[in-house]
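Visitor: First the structure, then my questions, so here it is.
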Amino acid sequence: MALTCGTDAKVFRRGYHAKMIVPPAVFGHEMAGIVEEVAPGVEVFEPGMPVVAANSAPCGDCYYCRHEMPSLCDDLLFWNGAYAEFARIPARVVKKNLLPLDEGLEFREAAMVEPLACVIRGVEESWIGRGQSVAVIGTGPIGLMFVALARMRGAHVTAAGRRRSRLDKALEMGAEGVVAAREGADLADLLRQRSPDGRGMDVVIEAVGLPATSEAAVRAVRKGGVVQLFGGCPTDTKIGIDSQLLHYQELTIKSTFHHTPESVRKAFRLIADGHIDPNAFITAEASLDDLPKVLGHMARGGDGLKTAILP
């Protein structure tokens, strides 16, 4: 089975993805299932075994892999095809990013390993620690995962978004406060008002992927703070950053892309050990036949989070 993702909705709407997909192609990339058959030479896995697969694997040999930056691998191998009855997993992914499931772990739970692995990297690269003030801009599934993981690290989290239902969900995930982004309001100013002594947040995470909210994130952080531009902005867009602000306030602006074999395994353990409940992010189930309707609803801005697609 597979879970829907905002990236899939963009692929459905645009017909392509800059990194992962060359159409025409079957897509979908958050999945878990049962091994049907294995190629010659495969030893760890066998037919009938429940597994979860990440959607890529680094080469292990290029400059970036050798320098512990596998997410930037020059030959990062992607696969897609989770929205189908059967998926053929490339040998490199089998070797590096296919994991057997713990007993009792459901497919719908295991399928969330891939997006959670990406968020784990975002949290680790943002240096979030106990007692820090953290703002998360965006309350989709990714933003809510950031809320949950930042709280697990002992941070005080404020979530910003447009929909009341999503803000309520952020409070359920552990956010101590929420900010309703309003048309015409200065989001950065609203977040700074919520920060300790109004000085700005220690860490601001942008999980929307728009230039306007990315620029607001930079203005909402305190001097010496960290901005994590996690959301990927549309192709050919640019972000304006005040160079004086960047220099004289000693800001750190970072962005993390994708996951690594290490973060995939960390995500798997968080889910398998019960520290993160994927069911809190899955709001519906649908058949494979209903997938176009589900993705169309997502592309139009539907209220749900993730849908479990059942072949």
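Laboratory data are not the source of any read-out in this text; all were calculated from the coordinates shown. Everything quoted here is computed from the prediction, not taken from an experiment. Neighbour counts run over all protein chains shown; Cβ positions are idealised from the backbone, glycine included.
Visitor: Here are some pairs, Lys96/Lys266; Lys169/Lys306; Lys10/Lys96; Lys10/Lys238; which of them have Cα atoms lying more than 23 Å apart in this structure?
Guide: The answer is Lys10/Lys96.
Visitor: OK, next. Let me check I've understood the local charge: for Arg88, count other residues with C-beta under 14 angstrom from its C-beta, Lys and Arg +1, Asp and Glu -1. What total comes out?
Guide: Neighbourhood net charge equals -2.
Visitor: When Lys and Arg each count +1 and Asp and Glu each count -1, what net charge do the other residues less than 14 Å away from Gly143, Cβ to Cβ, add up to?
Guide: Summing Lys/Arg as +1 and Asp/Glu as -1 gives +3.
Visitor: For the range 72-139, state which trypsin sites (Lys or Arg not before Pro) are in a DSSP loop and have at most 13 other beta carbons lying within 10 Å of their beta carbon.
Guide: Arg88, Arg130
Visitor: Convex hull over the Cα atoms of the chain, averaged projected area in nm²?
Guide: Approximately 16.4 nm², given one-decimal rounding.
Visitor: Give the residue list of GluC sites (Glu not before Pro) in the range 136-215 that are DSSP loop and have at most 11 other beta-carbon atoms within 10 angstrom.
Guide: Glu183
Visitor: Ok, one more. With angles folded into 0 to 90 degrees, how steeply does helix 211-220 sit against the dominant principal axis of the chain? Use alpha carbons for both and round to 10.
Guide: 50
Visitor: I would also like to ask the following. Could you give me the percent of Cα pairs per 5 Å distance bin for the range 20-168, shortest bin first, beginning at zero and ending with the bin that holds the maximum distance?
Guide: Cα pair-distance distribution for the range 20-168, in percent: 2, 9, 14, 16, 16, 16, 14, 8, 4, 1, 0.
Visitor: Which aspartates and glutamates does Lys293 reach when only Cα atoms under 17 Å apart count, and residues fewer than 8 places away in its own chain are ignored?
Guide: Asp8, Glu285, Asp303
Visitor: Lys and Arg at +1, Asp and Glu at -1: add these up for the other residues within a Cβ distance under 13 Å of Ala54 and post the number.
Guide: Here the count lands on +3.
Visitor: A further question on this structure: Find the eigenvalues of the gyration tensor of the Cα atoms of the range 117-254, then list the square roots of 5 times those eigenvalues as equivalent ellipsoid semi-axes, largest first, in whole angstrom.
Guide: Three semi-axes, in Å: 20, 17, 15.
Visitor: Round to a whole angstrom and tell me the spacing of the C-alpha centers of the range 1-62 and the range 190-227.
Guide: Here the two parts' Cα centres lie 34 Å apart.
Visitor: In the chain, what percentage of the DSSP-assigned beta bridges are antiparallel, given to the nearest 5?
Guide: Here the antiparallel bridges make up roughly 35 percent for the chain.
Visitor: So, one more: Given Cα pairs under 8 Å that are at least 6 residues apart, what percent is the relative contact order of the chain?
Guide: Relative contact order here is 19 percent.
Visitor: Helix 141-152 versus the longest principal axis of the chain: what is the Cα-based angle in degrees, 0 to 90, to the nearest 10?
Guide: Roughly 70 degrees between the two axes.
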